[in-house]
Amino acid sequence: MNLKELSQNLGLSQTTVSRALNGYPEVSPATRARVEEAARAFNYRPSNRAKGLATGKALAIGHVIPVSNKHEMVNPVFGDFIAGAGETYSRHGYEMILSIVDDEDEEQVYRGLKSRRAVDGVIVHGPRMDDPRIGLLHDLGLPFAVHGRASGVGQPYTWLDVNNRSAFARATAFLYDLGHRRIALINGLEMMDFAHRRRDGYAHALIERDLPLDPMLMRSGEMTEDFGYRSTAAMLDGGGPPTAILCSSLISALGVRRAIEERGLRMGVDVSVVTHDDVLSYLQNGGDVPIFTATRSSVREAGRRLAAMLLDHVANPLLAPQNQLLEAELMVGQSTGPAPS
């Protein structure tokens, strides 16, 4: 049933029905209740375009992804975050606009979204150190929220992040308490803020325990299975191999396990592994007992929460920036054990 048919069925004008469904105050409570009941009975939902015209909003949120950040697109973490955010948008009658752009066009895309009023806000992905997008979006006056944080940015902004520094400091301390002294780090790209914080937590825990920072035990790159495999293979085949490895991604950790087992070693016995687990819906870390000991935080839940924070800001433009820092839970699995004697 369309708006015209619903209006005819109720004996009301299309304007009255539209205003009743969109919450206009001049419609009486009795008329609004009658229209809403009929809309439910006939399974009528106004189009977002029509609703947007009535409210002056686009009823859409933008996600702009530069093509050079391929790890953002191929990484299942991105898909799970988008799925969580999409659940929140759907509940509030919003749509999602996903723009894949060349790096050099990113600024113009943000400017275009603002000038065309194509979106009511945007979520910024993969914040880098001193990320220039935050200042740009402030200047444009386009509501935004950041998945993560950007060190070096002074102005306040809305963000949601995992306490990466604390999580990796705790994981390093856990391995130390098991007797490990040669603890390696296989990290993400350290121009990304989350990876910088994870390395900082790892380094702080080692220094606090009077262990040296060995460059031969630290790797940084795109968090793929192959990167985890190649990094681990190089360290295990070199002099002074690690007895424990701290990994920034469950995907990379699969490559770490492959390299360990390929050399006839046993994960959790000869080499311990701790990874970060984003609780991905289609890449589970085992069942009741995790395969990998992991710092765990759901990226899908992060998507739900950050989307809600941004929609709050869209609905209340004078609302002060909101910040949420989530603590990761250390879950002990089968991949860790005492350091080999």
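Restricting the trypsin sites (Lys or Arg not before Pro) of segment 140-249 to loop positions (DSSP other than H, G, I, E, B) with no more than 10 neighbouring Cβ atoms within 10 Å leaves nothing.
Accessible area per residue was computed with a 1.4 Å probe on protein heavy atoms; Leu178 scores about 50 Å².
The convex hull built on the alpha-carbon positions of segment 260-341 has an orientation-averaged projected area of 7.6 nm².
Label sites at Arg230 and Ser166, each approximated as a point 7 angstrom past Cα along Cα to Cβ, lie 3.5 nm apart. The residue among Gly333, Met218, Met267 whose Cα reaches farthest toward the positive pole of the charge dipole of the chain, with charges on the beta-carbon of Lys, Arg, Asp and Glu, is Gly333.
Taking amide H positions as modeled 1.01 Å from N, with prolines and chain starts lacking one, the residues under 5 Å from Leu185 and 5 or more places away or on another chain are Met218, Arg219, Leu246.
About its Cα centre, the dipole of segment 58-167 is roughly 280 debye, where the only charges are +1 on Lys and Arg Cβ and -1 on Asp and Glu Cβ. Give me the accessible area of Phe42, 1.4 Å probe, in Å² rounded to the nearest 10. Near enough 90 Å² of accessible area.
Between Ala308, Met129, Asn43, the Cα set farthest toward the positive side of the dipole of the chain (charges on each charged residue's Cβ, about the Cα centre) is that of Asn43.
How do Val17, Val269 rank by accessible surface area computed with a 1.4 Å probe, from largest to smallest?
Result of the area sort, largest leading: Val269, Val17.
Beta bridges per DSSP, both residues in the chain: antiparallel share near 10 percent.
Between Val162 and Leu326, the built amide H atoms are under 5 Å apart, and every one of these is 5 or more places off in sequence or on another chain. Full extension of the chain between Thr31 and Met1 gives 8.9 nm of extra length, using 0.36 nm per residue less the Cα-Cα distance.
Accessible surface computed residue by residue for the chain, with neighbouring protein chains in place and a 1.4 Å probe, gives 47 Å² per residue. When the residues Asp226, Asp270, Asp80, Asp288 are ordered by accessible surface, computed with a 1.4 Å probe over the protein chains alone, the sequence from largest down reads Asp288, Asp226, Asp270, Asp80.
Note on Ala83 and Asn9: their simple-model spin labels are 3.5 nm apart, each label 7 Å out from Cα toward Cβ. Fully extending the segment from Ala320 to Gln284, taken as 0.36 nm per residue of separation minus the present Cα-Cα distance, adds 9.3 nm. For the chain, a crude dipole built from +1 on the beta carbon of Lys and Arg and -1 on the beta carbon of Asp and Glu, taken about the Cα centre, is about 940 debye to the nearest 20. The charge dipole of segment 214-341, taken about its Cα centre with unit charges on the Cβ of Lys, Arg, Asp and Glu (plus for the first two, minus for the last two), comes to roughly 60 debye. Given R0 = 30 Å, the distance between the Cβ atoms of Val332 and Asp139 translates into a calculated FRET efficiency of 0.05.
The values are calculated or read from the model by the stated rules, or taken from the named source; none is laboratory data. None of these values were measured; they are calculated from a predicted model. All Cβ positions, glycine included, derive from the backbone under ideal geometry; neighbour counts span all protein chains shown. In case anyone asks, the SASA skips ligands and DNA or RNA and just uses the protein heavy atoms, side chains included. Shrake-Rupley method; radii C 1.70, N 1.55, O 1.52, S 1.80 Å.
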